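To start, the structure under review is shown below, and the notes come after it.
Derivation of every value follows stated rules applied to the coordinates shown; laboratory data play no part. No experiment lies behind these values; they were computed from the predicted model shown. Because the Cβ atoms are built from the backbone with ideal geometry, glycine has one as well, and the counts that use them run over all protein chains shown.
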Amino acid sequence: MPQPLSAGWRTNWRRLSQKCGQAGPDRLRNCFRAKERSCRRIFCGMPVCCAVPLRGCLRLPGSCIRRSRGCWSRKTMRRGEILDGKYEILKVIGKGGMSVVYLARDIRLHKYWAVKEIFRTGRDAAGRKTVCGLLTEASLMRALDHPALPRIVDILEKDSQIYLIMDYIEGESLYCLLQKNGPFSERETADIGIQLCDVLQYLHTRNPPVIYRDMKPSNVIRRPGGKLALIDFGIAREYKEDSELDTVILGTEGYAAPEQHGTGQSDRRSDIFALGMTLIHLLTGTDPKHDPYLYRAHPLRGIDKGISEGMEIILNKCTAFRPEDRYQNCLELKKDLENPEKLSAVRKRKKKRKRLLYSAVCVSLVLSVSGGIVLHAAGQWKKDSEYRALLSVPPSVSCRERVQGYKKAIELEEKRPEAYLKLLQTWQEQGVFTEQESRYFTNAYNRNLRYFQADDPRVLELNYQAGVTCLYLYTGGDGSFRNRILKSDPYFRRVTGSGSEDYANYRLSETYCMLGDFYKKYVCNAVGVYEPGKKDYQALLRSFRLCLQKSESSRYGGADYVGLLMDREMLYILNDQRRGLAAEQIPLEEVLDLVSEIKKDAGERQAAQNKSFVLQEEVLSGSGTCWNNITRTYENFKKSDSEP
């Protein structure tokens with residue numbers, strides 16, 4: 001006979017029996033002695049609110065409880081199981097309430113991937129919110145392209161699950177490194193902050209901006225080479241200008257900004273707050289969730305005398321309670337993290353002495369106004385003369401020397417657009433625009449964007465030439481047309497957004513925008529369910545014709561090669577969209593005429609280099625294949641329509 005349960009256990013049992021009457025207390029004692037199997041038979045189907053406290057009061061092992069019917073933990077895939085005929089499951093590397101992450105190997109390519117299994121439905125509101133967040137993550141990540149962000153390369157659906165095939169990020173989270181090695185040094189912390197500023201700046205400059213909202217050490221992975229990767233976009237969202245408050249309160253306690261707790265709408269400054277709290281955690285080892293100084297100035301130097309005054313000033317500005325008191329963008333924060341010593345008290349005292357000296361000079365100048373005006377005019381004239389001299393370099397000078405001169409001119413007068421335009425034209429002449437050139441131009445351009453008047457003819461030409469350079473010459477990322485069209489799109493939109501319809505290349509910029517819209521919405525978007533209609537296809541064909549008629553690629557070296565690249569991409573899109581064109585009854589003659597125009601354009605280009613010759617042959621032969629495929633597709637649609 002089993003021993004009766006104690007009075008305390010019986011009290012707990014009576015309290016639980018109001019919600020669950022699965023078994024009596026004596027049977028549960030027998031269950032405990034019989035261990036796992038009978039425990040599972042009794043606890044299977046028992047509500048969570050009863051089973052968990054009951055397991056505690058009876059001191060049962062956690063393995064006794066097994067969730068079922070969507071309320072308990074679902075069965076995970078086994079090691080060696082094959083998903084979609086090519087992904088071999090190796091092990092579980094992460095687990096959440098409504099998802100499981102596996103390490104998988106592509107048995108064909110022998111490449112490792114992370115597979116996130118999402119259970120499509122949740123039994124309660126929290127479960128449904130979690131699923132919604134996971135699907136939001138998939139939608140956002142599909143549209144992003146940055147070295148510090150994992151890509152989603154495939155989406156599979158099976159039964160009630162969705163499987164996201166993602167880049168496998170090898171390495172350890174900053175939280176694990178913090179627990180293992182203790183607080184980071186100030187230099188390491190600053191380097192981490194600089195890298196995270198780069199990826200946040202990329203997210204914040206999307207259209208619309210993407211607000212991450214969950215920056216913390218456990219969401220940052222350090223790869224073996226030292227580079228960082230940002231993961232878990234489950235609560236990220238696109239910024240909405242017309243929204244005053246966040247829809248729900250989300251974020252991790254201690255890291256989330258005050259406005260994420262219902263006081264306002266989260267924006268890029270909310271991410272800067274969370275980044276500041278993350279850096280404080282890494283630098284001091286103090287978990288912000290238990291920090292009594294939350295939302296106040298943090299006495300970091302009181303915790304560690306080795307922390308510089310400049311770093312303390314930076315982190316306190318990041319974590320200011322009011323968003324307007326924080327850094328307003330990540331570029332400002334990155335600049336200070338690169339030189340924290342500039343904010344130290346010694347530096348401030350030197351600046352104060354300089355200001356006093358300057359004030360004294362100003363007083364002297366006030367006493368001699370006429371002399372001051374003459375000196376100022378002379379200085380400005382000298383600066384303008386130097387700027388004009390740097391821009392007036394003859395074409396006989398090498399491209400490399402001209403590029404260096406134009407960069408010096410930008411440093412001298414960075415708010416004037418002429419040097420930027422000269423720099424782009426030189427890169428066009430070289431036929432080179434790599435990731436290095438793109439990063440330099442983008443940083444300088446964005447830093448002074450607020451000074452450029454949108455409808456200024458010089459700024460209009462600058463934006464147009466920047467878009468053309470990215471579209472035809474950019475070789476960063478994977479070098480694909482997708483990368484180039486996404487890179488060029490913001491510049492063309494600034495031209496069309498100015499409303500200056502009398503600008504010579506305004507209509508062509510509209511054409512590139514239409515092409516970009518079609519490509520992003522119907523070609524790149526593997527998550528959406530959009531299908532192009534007749535108006536979309538007509539706009540696409542118009543944009544192709546304008547691209548062929550008014551292509552500006554002939555202005556710089558390598559024009560024939562990049563023009564052939566454009567011809568090939570147009571053929572690819574027409575071939576891929578041939579069923580939609582036939583279904584929407586776009587006239588066959590109109591489509592075939594466009595294929596002929598593309599072939600003619602490719603045939604007239606001068607293939608001076610071997611790579612241009614190979615590409616030209618590919619376009620010419622591909623145009624015949626495309627012609628046949630389109631003709632056959634239209635005939636098939638005609639036959640199917642005539643059948644009763």
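Assorted remarks:
- If a spin label sat at a point 7 angstrom from the Cα of K348 along the line to its beta carbon, the backbone N atoms of region 303-322 nearer than 17 Å would be those of 307-320.
- Compared with the alpha-carbon gap, the fully stretched path from E589 to S640 is longer by 16.4 nm at 0.36 nm per residue.
- Cross-link partners of K534 among aspartates and glutamates, defined as those whose alpha carbon lies under 14 angstrom from its own and excluding same-chain residues fewer than eight positions apart: E584, E590.
- Between R450 and F613, the modelled label-to-label distance comes to 5.5 nm, taking each label 7 Å out from Cα in the direction of the beta carbon.
- With R₀ fixed at 25 Å, the C-beta to C-beta distance from Q606 to N483 puts the FRET efficiency at about 0.40.
- Based on Cα contacts under 8 Å between residues 6+ apart, region 396-642 shows a relative contact order of 16 percent.
- Residues E157 and K535, FRET efficiency given R0 of 25 Å [Cβ-Cβ distance, rounded to 0.05]: 0.25
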